[in-house]
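Comments concern the structure below.
The values are calculated or read from the model by the stated rules, or taken from the named source; none is laboratory data. Here the structure is a predicted model, which means the values were calculated and not measured. Here the Cβ is made from the backbone with ideal geometry for all residues, glycine too, and neighbour counts use every protein chain on show. Keep in mind that these areas ignore ligands, DNA and RNA; they rest on the heavy atoms of the full protein, side chains included. Shrake-Rupley method; radii C 1.70, N 1.55, O 1.52, S 1.80 Å.
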Amino acid sequence: VEGGSLRKDIEAWVVRNSRTPISFSLDIRGRMAAFNRTHQRLSEVIERYGYETLMGVERELIRRTREAIATRIAALPDGEWLEEGFLDHDGNRNELYRIRVLLKKQGDHLIFDFHGTDRQVKGGVNCSPIGLESGVVASLLPIICHDLPWSTGALTQLIEIRAEPGTINCAEFPAGVSHATVAASWATSHVVLAALSKMCAVSNSGLSRQAEANWTPSWQGMTMDGKKADGTRFTGITLDQPGGGGARTYTD
């Protein structure tokens, strides 16, 4: 996009690298629409209240949320909790690949240490460092911040993620990451959820109620590929994702 307009030449170069160029083009336009709408609505807020007011609210939201999260973490017992899970295929080989996390809680600080996780693999199941961070935050927010604003900026001084570059959930170029969301990143969120639940389960604070078993441990969507009646190819993914939710401390 240049000057608010789609660059058709660059778009053509990008979508030619996809086997579903029409769907890809629609996805690009959907993202453009979301960005444009967000820009419009934020501009309206700034016009009505002023830029400094908006930023003041944002800073205060982060500060108050960080204080609330820090208080909750501090009320939990200091200690260490270990959890590991496995990917059972990399798209090429039917082998087990370990994702391991050691959760350390010290005062109002949480450390997620992923040393011991297997090295990145040939297939596309790896995730980049941002996929690792997403897996951690995706489980941390519902457990610790279930009734707070989900402000990831509030977490920056409270959590630390340690991982060895070149591992399956902290992959380095040129690792394949096309399946990251439903593979290494997904599995990361599961081991983190289990470790957090162990920590909460031994607590005398209100967070003990938030402990839960893991949800569906793997993505069970199906990719379909074939030819239409006119001979053109199609590719699609079913997103009905069967599976149950993990049992809570107070219900199945």
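Tabulated results
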| item | result |
| --- | --- |
| Percent carbon-and-sulfur accessible area, the stretch 56-108, ignoring ligands, DNA and RNA, probe 1.4 Å | 47 percent |
| Length-normalised contact order for the chain - Cα pairs under 8 Å, 6+ apart - percent | 17 percent |
| Sequence ranges 95-103, 232-240, 67-75, ranked by mean other-Cβ count within 10 angstrom, highest first | 95-103, 67-75, 232-240 |
| The chain: calculated mean residue ellipticity at 222 nm from DSSP helix runs of at least 4, using -39500 (n - 2.57) | -13000 deg cm²/dmol |
| Whole-angstrom gap from the stretch 136-181 to the stretch 1-19, using each part's C-alpha centre | 30 Å |
| Shape box of the stretch 25-151 [Cα atoms, principal axes, largest first, Å] | 57, 49, 19 |
| Percentage relative contact order, the stretch 142-230, counting C-alpha pairs under 8 Å, at least six apart | 27 percent |
| The stretch 1-66 - accessible surface per residue (Å², probe 1.4 Å) | 84 Å² |
| Cα gyration tensor, the stretch 1-100 - rounded (a/c under 1.5), prolate or oblate | oblate |
| Kirkwood Rh, Cα atoms: Rg over Rh of the chain | 1.02 |
| Inter-label distance, nm, simple model (7 Å from Cα along the C-beta direction), THR235/ASN36 | 2.7 nm |
| Cβ-derived FRET efficiency at R0 25 Å, THR156 paired with MET55, nearest 0.05 | 0.90 |
| Calculated on alpha-carbon atoms, Rg and Dmax of the stretch 124-252 in Å | 17.9, 65 |
| Computed lengthening from TRP219 to PHE173, 0.36 nm per intervening residue step minus Cα-Cα distance | 14.1 nm |
| Selected from LEU82, SER197, THR238, residue furthest toward positive end of dipole (the chain; charges at beta carbon) | THR238 |
| Efficiency of FRET from Cβ geometry, ASN204 and LEU6, R₀ 41 Å, rounded to 0.05 | 0.15 |
| Ranked packing of 150-157, 130-137, 206-213, 9-16, most packed first, by mean Cβ within 10 Å | 130-137, 206-213, 150-157, 9-16 |
| Net dipole in debye of the stretch 191-252 [+1 Lys, Arg Cβ; -1 Asp, Glu Cβ; about Cα centre; nearest 20] | 100 debye |
| Cβ-defined net charge surrounding ARG41, 15 Å radius [Lys, Arg +1; Asp, Glu -1] | -1 |
